[in-house]
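See below for the structure under consideration.
The numbers here are math on the coordinates, done by the rules we state, and not lab data. This is a predicted model, so every value here is computed, not measured. All Cβ positions, even for glycine, are placed from backbone atoms using ideal geometry, and neighbour counts span all protein chains on display.
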Amino acid sequence: MTQNGAAAVAPKTTGPAGPAVDAAASPPSAPATAALGHAGAAAKAPGANEDARWRPVLGLPCSLTVDLPVPEFKICDLLKLRTGSLVDARWHMGHDLPLRLNGTLIGWSKIEVVNNRLAVRLTELA
């Protein structure tokens, strides 16, 4: 479900063997290894099919964004913006921020500082 109550639908793509696969499923965290079967042919380990399914898309670029909503922002506020302007987001540090992949809500996150750099911690999947 998205924040506004609409159901999020994951697109279907064609996998390397032809059947439709769910693009929203998460890839396995570690590669599977092949084992030898009785006939000496390589038999695939349980996660090998998932590895093969994700292989064609692993290198595709995508855009990951964190949305910082600014309520009550108006055109007159936009016209006043200059270099160095501060915008009061009225967003409390404890509240989660929407995390989007190519514009689709995938979860919620928090902003943290790690080694003097801003980082995003995933707190909940959508």
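Which FRET efficiency value, to the nearest 0.05, is calculated for I111 and K74 with the Förster distance at 30 angstrom and r the Cβ-Cβ distance?
Computed FRET efficiency for I111 and K74: 0.75.
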Any idea what the relative contact order of the stretch 61-126 is, in percent, if you count C-alpha pairs under 8 Å spaced at least 6 apart? 30 percent
Ranked highest first by the average count of other Cβ atoms within 10 Å around their residues, in what order do 63-70, 87-94 fall? 63-70, 87-94
